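Asks: Dropping the structure in here first, questions after.
None of the figures in this text is laboratory data; all of them are computed from the coordinates on show. All figures in this text were calculated on a predicted structure; none of them were measured in a lab. Using ideal geometry, Cβ is built from the backbone for each residue, glycine included, and neighbour counts are taken over all protein chains shown.
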């Protein structure tokens, strides 16, 4: 049994050396090549000083080199940090500084987009696109250098399953993203459970729709590698176009699909899906947000041969519960359960009296324990202490449990149902967004005095974001100017779509901004607008 | 060069209409205030998955051209210029 991620590749490269491992943008590599290239990268990284636990950034639009980079870093004993290639450079610079990335694997145009002050903190930059010779000084290494390192074996590094494998940054309520630390064991607990339940074989073809900084991609990449299956990475030229995407699924013979529900909804609404065209597709997994029931019912009807699963779990636990869609019940259901705990994982709801909910109909906050749970957030002991707690429900030994912040109901049928959040985290297109991070970006603008971000529920993307802003006396800025300012600090999917200006924001009796009133007003005005 | 600093003589009314829609409805809400007629709009994050369908609705409802599912692709909707070409081609 594998205990570190690279063993999955070692096994498949030995068994299926000539099989296609990864396809992206019309290029592909075999298992033998993936094993050899990642060995070479690991040797290069070691030579450049990467040691166990060192963070290495991966910063370029996804392509076959993305997977080489992920495996190369863990083979060197390092911890990879996938950085969103579409996020503003300022945010990437923050993350590089926050987790102390000194080695970055990137592309020349992305490197050039970073602040000089950030570039100066890097000891070494590996470029996947072989930059011109003139810029090869100063620790910049072209990809072609990999050829000079041993390919047969990875460097000897002592690792255990409790070592970190990667850090995934998600939105943070205090205005800055936070890095969720994940170990090899965290990942493998999930990967092994998936392999068992979804019976992935070397004949399967898995899509990779989610970006690599998003934990959905852990399944795509590592379950494909584990089984010796082929991974087909869906890049933005395909992801945005449902009709093209559907024909891609058909022509590449994708058998297993995993994405956020909104991607499936767009396929459903704009791609004339039918079972005949997607005859090889056998499993659809979705996670990240609530799938609107009417679209799920349509999807199930259109693809009668496909098994559908709702997976649930924050990045901190990867997936912790699942529900296999019961077709015979679907027509009469008005809400989809998040289901029951995955194997080797325990979940329970804790009510306001701090008791575990055992009766059907009981509600509480969902807690998770087991080997899939994160150690916590990089360099943020305070936040970690709030979310990863000592498990006080068993007195025998010390262990941790994670509080999700999600309110759930335990139903008659034994399934959990998601009810809502305890805090102001929302989901849009499956992305986790802390409204506080948006407000912090707005408040950082010199002319903004008060700002509140509000989520307006939306059938297709989950929620749309709106802001209400008040300026300091005598100053005004237009909405596009403020949106542009936000774009320098937060990713595009977090920027408020519309901004309303007021002289001052309504206050509660304690003098705080009245978020409830503003939210209700916004929901009312959104309801009166005719949907596009 | 920004979308606004071209001389009126070089602008066609159609291109203006397309550019204005993209600017106000798609680019500004994403924090992008300037782009050229050749800029790749998807690569720059101006058009996302929902933006595409708002753009297509605009082409169909305001500019009165019928766009088929197959025509919704990365080449035809790449930039202001390629979108204009699509509309001209469809109107012929």
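Asks: Which whole-angstrom value gives the distance between the alpha carbon centres of segment A:212-269 and segment A:136-189?
Replies: Segment A:212-269 and segment A:136-189 have Cα centres separated by 23 Å.
Asks: I've got another one for you. How shielded is B:66-77 by partner chains, expressed as the average number of their Cβ atoms within 10 Å of its Cβ atoms?
Replies: Partner-chain Cβ atoms within 10 Å, mean over residues of B:66-77: 3.
Asks: Can you sort A:221, A:74, A:513 by how many other beta carbons sit within 10 Å, fewest first?
Replies: Ascending number of Cβ neighbours within 10 Å: A:513, A:221, A:74.
Asks: In whole angstrom, how far apart do the alpha carbon centroids of segment A:351-386 and segment A:30-93 sit?
Replies: Segment A:351-386 and segment A:30-93 have Cα centres separated by 32 Å.
Asks: Just to be sure I understand the curve: with the Debye formula and one point per C-alpha of segment A:6-239, what is log10 I(q)/I(0) at q = 0.16 Å⁻¹?
Replies: -1.16
Asks: Related question: With no solvent and one point per C-alpha, what does the Debye sum give as log10 I(q)/I(0) for segment A:1-92 at q = 0.10, 0.18, 0.24, 0.25 Å⁻¹?
Replies: So the normalised log intensities are -0.27, -0.84, -1.22, -1.26.
Asks: How well do other chains shield peptide A:444-453, expressed as the mean number of their Cβ atoms within 10 Å of each residue Cβ?
Replies: Across A:444-453, the average partner-chain Cβ count within 10 Å equals 0.
Asks: Okay, moving on. Restricting to Cα pairs below 8 Å that are 6+ residues apart, what does the relative contact order work out to for chain A? Please round to a whole percent.
Replies: 12 percent
Asks: What percent of all Cα-Cα pairs in segment A:176-288 falls into each 10 Å bin, going from 0 up to the bin containing the maximum distance?
Replies: Result returned by the calculation: 13, 47, 30, 9, 1.
Asks: Taking the square root of 5 times each eigenvalue of the Cα gyration tensor, what semi-axes in Å does the equivalent ellipsoid of segment B:11-91 have, largest first?
Replies: In descending order, the three semi-axes are 18, 14, 12 Å.
Asks: Output the relative contact order of segment A:107-232, whole-number percent, from Cα pairs under 8 angstrom with separation of 6+ residues.
Replies: In percent, rounded to a whole number, it is 15.
Asks: Shifting gears a bit: Which value at 222 nm does chain A reach when only helices count, each DSSP H run of 4 or more adding -39,500 (n - 2.57), with the total divided by all residues and rounded to the nearest 500 deg cm²/dmol?
Replies: One gets -8500 deg cm²/dmol as the mean residue ellipticity at 222 nm.
Asks: For the peptides A:257-270, A:378-391, what is the packing order when you average, over each peptide's residues, the other Cβ atoms within 10 Å and list the highest mean first?
Replies: For the peptides A:257-270, A:378-391, the packing ranking is A:257-270, A:378-391.
Asks: Can you pull the mean other chain C-beta count within 10 Å for peptide A:486-494? Don't skip to the end; give the middle numbers.
Replies: Details: counts 2, 7, 1, 1, 1, 3, 8, 3, 1.
So the per-residue partner count for this stretch is 3.
Asks: Using only the Cα atoms, work out Rg/Rh for the protein assembly as shown, with Rh taken as the Kirkwood radius, to two decimals.
Replies: Working: Rg = 24.5 Å, Rh = 25.7 Å.
Using only Cα positions, Rg/Rh for the protein assembly as shown is 0.95.
Asks: Right, something else. Over segment A:440-532, what is the relative contact order in whole percent, taking alpha-carbon pairs under 8 Å and six or more residues apart?
Replies: Details: 119 pairs, mean separation 26.3, N = 93.
The value is 28 percent.
Asks: When 1/r is averaged over all different Cα pairs and the result inverted, which Kirkwood radius in Å belongs to segment A:247-348?
Replies: It works out to 14.2 Å.
Asks: Using every pair of alpha-carbon atoms in segment A:425-525, split the distances into 5 Å bins beginning at 0 and state the percent of pairs per bin, rounded to integers.
Replies: Per 5 Å bin, starting at zero, the Cα-Cα P(r) for segment A:425-525 comes out as 2, 13, 25, 25, 20, 10, 3, 1 percent.
Asks: Counting only DSSP beta bridges with both residues in the protein assembly as shown, what percent are antiparallel, rounded to the nearest 5?
Replies: On the way: 53 of 89 bridges.
Once the DSSP bridges in the protein assembly as shown are tallied, antiparallel ones form about 60 percent.
Asks: Measuring from the lowest to the highest alpha carbon on each principal axis, how far does segment A:340-443 reach, largest first, in angstroms?
Replies: 44, 32, 27
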